[in-house]
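Reviewing the structure listed below.
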Amino acid sequence: MTASQGLILGIDPGTAVLGYGVVMPGELGRPARLIECGVIRTQARSPLSDRLLVIHEGLRELVERHRPAALAVEDIFYGTNVRTTVVLGHARGVILLAGALAGVPVFEYPPATVKKILVGRGGAMKPQVGFMVAKLLGLKAAPAPADAADGVAVALCHAMAGRWTRAMKGRQTVRRK
């Protein structure tokens, strides 16, 4: 496959489990197609540097195999646990670097934006996101595990983002007093 085919590699970052999905965007009335999805797992007790190396090697292999036209990455969700946020930042750094080294344009989306574009609500729950991923791709069920479905969701978000932005420009906000 060549990058000109428009494949999108979506990534749901994680240092223990990183979800990914490779999607071919729909065109001319055809729905998007799921090419591959899955997870990259690291050993929980391994040093962080070893886990980041596993993530980098897994991503490098995915990029070489699929030659995506874009790499879409979910941004960090800022929770109450600062350590988790910092460690996740390391994983995202490796992901962004893998895209840059491969010459693949990288696009970042906040979690609420992914949910808003796919489900219509930025606070949607994981099962709702999985349901919409399955529906948009014509699958009988959401990809499993949930981290893989989240990676596919990020890829679909990127595929749909331009259309969604154009649609939102035409809407007016009505404020109630």
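Here are the numbers:
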| item | result |
| --- | --- |
| Charge dipole magnitude, Cβ of K and R +1, D and E -1 - segment 25-147, Cα centre, debye nearest 20 | 400 |
| Ranked by how many other beta carbons lie within 10 Å on average, peptides 40-50, 64-74 from highest | 64-74, 40-50 |
| Whichever aspartates and glutamates have a C-alpha closer than 17 Å to that of Lys140, once near sequence neighbours (fewer than 8 apart) are set aside | Glu36, Asp150 |
| Cut-off under 5 Å, modelled amide H: who pairs with Glu108 long-range | Val73 |
| Value at 222 nm in deg cm²/dmol, rounded to 500, when DSSP H runs of n ≥ 4 in the chain each add -39,500 (n - 2.57) | -16000 deg cm²/dmol |
| The chain - percent relative contact order, Cα under 8 Å, separation 6 or more | 30 |
| Unit charges at the beta carbon, dipole of the chain: most positive-side option, Ala124, Ala44, Val63 | Ala124 |
| Segment 3-169: antiparallel DSSP beta bridges as a percent of all, rounded to 5 | 60 |
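Every number in this text was worked out from the coordinates using simple rules, so none of it is lab data. Because the structure is a prediction, the values reported are computed rather than measured. A quick note on method: Cβ atoms are made from the backbone with ideal geometry, for glycine too, and the neighbour counts reach across all protein chains shown.
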